[in-house]
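These notes concern the structure reproduced below.
Quick note: the coordinates plus some simple rules give every number you see, no bench work behind them. Note that the structure is a prediction, hence the values are computed from the model and not measured. Glycine gets a Cβ as well: all are built from the backbone with ideal geometry, and neighbour counts include every protein chain shown.
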Amino acid sequence: MPERRDLIAMAATIAADSAWLYPALGLLGAVFGLDGPLLPPAMIVAILLLGVILGWVVAGVVEEAAERAPFQALSGLAVVYLAISTIAAEGGIDLLWAPHLIGGVLSAQAMASLIAATTAAGFLWYRGIRIAVETHLQFRLLQTFRTGIVALAVLILVEQAFDVDFSATFMLVPFFAVSLAGLAFARLPSGGAWARTVGLAVAVVIGGGFVVGLIGAVVGGRGLGLLATGWERLVAVIAWLLTVVLAPLLEVLFAIIAWLLSDVERPDLNRSGKGIPDFKSWARTDAEGMAPWADLVIDLVKYPLLLLLIYLGYRLLLLAYRASAQRARAAAAAERESIRGEAEPAADLIKLALGLLPDWLLPAEPLPGPHLPTNRVGLPETHALYFEMLAAAGDHGHHFEPSATPRERLPEVEKAIPGAPVARITECFNAACYGNIAAKPETIDQLRREFEGAVGVR
């Protein structure tokens, strides 16, 4: 069984996958003409969870990783078949949905939706198995977070564009909450202190929600009305600020355009009744429909906010200028070479003369060794093992290409040293290099033994 910290990362991965896959399957359900998603939300979570649990069971029964695939496939086939049988018949279970599908008893739309649902269930099972056998759960959760952000963003755009609802906007909040909480808890150090931190965080969240609920129950509709009124006033002030800031810029821009086109016949902009708006009334705000004291509040707030906005813009421009000037000074200092002090004209002439000679007359400078990070325990060992694997592959004929990524050079390295755990070592290196996630010492020791055994046999 994994550690408690890994269990939190695993649970967060399952929840995050469910959060973005549910609206994605809702979009596919709309494509196939269904009233809801291809799979109900409870089934999405159930298939992912069963994949994780049965993945653990298979890993505990079968020791060799290469021999686990048939057991995982058979168990997955059973789970997927039973899951689809619950949605093949409305309000019941149809265990003969596969023969009906093959025999052409169902309609074309029903056949297409069942095939799509089966594919989706198989995909969920595959993700559950991957979560169960994952050795870097933090990196897996990080990949799920990145994938989910892109998927939810696309789904929200689809909802807005076609005026539909797949619950993508609703699932955005739990997705972020679960993913970020899981990533934060997974990075806590091992030991008992983090458990108290998790308990305290959960207690604060639940207690805060309970207190907010009590306040809402006591205040009732008056509190909600007060929040709505405050939100309306805030939106009005922000709109006024945008008008004040953008109106002068637009007037200047239109004046420049009119000056540039002064010698050209200009079309009548007011012909359609949609001329350039008049921005002269920037000093007042329309308070129609507001409370009598709204004008007083806006007059007291809008000018300080305008001054604050101008000041923040000034500070932002000043910060950008200082950063640009500092980079320019650093580049000039790096390119400038002093001709006073430690300058040696004779050495410079000799260096110039040697630079005119062909390369084959001069001994080549040795290439620098690989950089091993020392800022975290577990990272140097992972880097060292990966570079040793590349060196062994080079001894067996592999040509190292610096511009290739670790995944791109993986097939060639596997051909050079067959039998070595090249894929797993590369995965550990990617997690350490790009995710700053250190592999467990026992994992590194196991990979090193397998790698040395493969290289020693050859």
Query - Overall dimensions of the stretch 1-155 as given by Cα atoms, namely Rg and Dmax in Å - result: 16.5, 50
Query - Cβ crowding within 10 Å averaged over residues, with 388-401, 24-37 ranked highest first - result: 24-37, 388-401
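Just need the relative contact order of the stretch 1-135 here, percent rounded to a whole number, with Cα pairs under 8 Å and 6+ apart. Kindly include the intermediate steps, with their values, before the conclusion.
Working: 122 pairs, mean separation 45.0, N = 135.
Once normalised by length, the contact order is 33 percent.
Using 0.36 nm per residue of separation minus the Cα-Cα distance, give me the extension gain between Q326 and A153 in nm, one decimal. Kindly include the intermediate steps, with their values, before the conclusion.
Details: separation 173, 0.36 × 173 = 62.28 nm, distance 3.68 nm.
Difference between extended and current length: 58.6 nm.
Efficiency by 1/(1 + (r/R0)^6): what FRET value for Y311 and T405, r their Cβ-Cβ distance, R0 = 56 Å, to the nearest 0.05?
0.75
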Requested in this report: Quick one: divide the alpha-carbon radius of gyration of the stretch 386-458 by 2.2 N^0.38 Å and tell me what you get.
Outcome: 1.05
Query raised in the report: Given Cα pairs under 8 Å that are at least 6 residues apart, what percent is the relative contact order of the stretch 1-81?
Result: 22
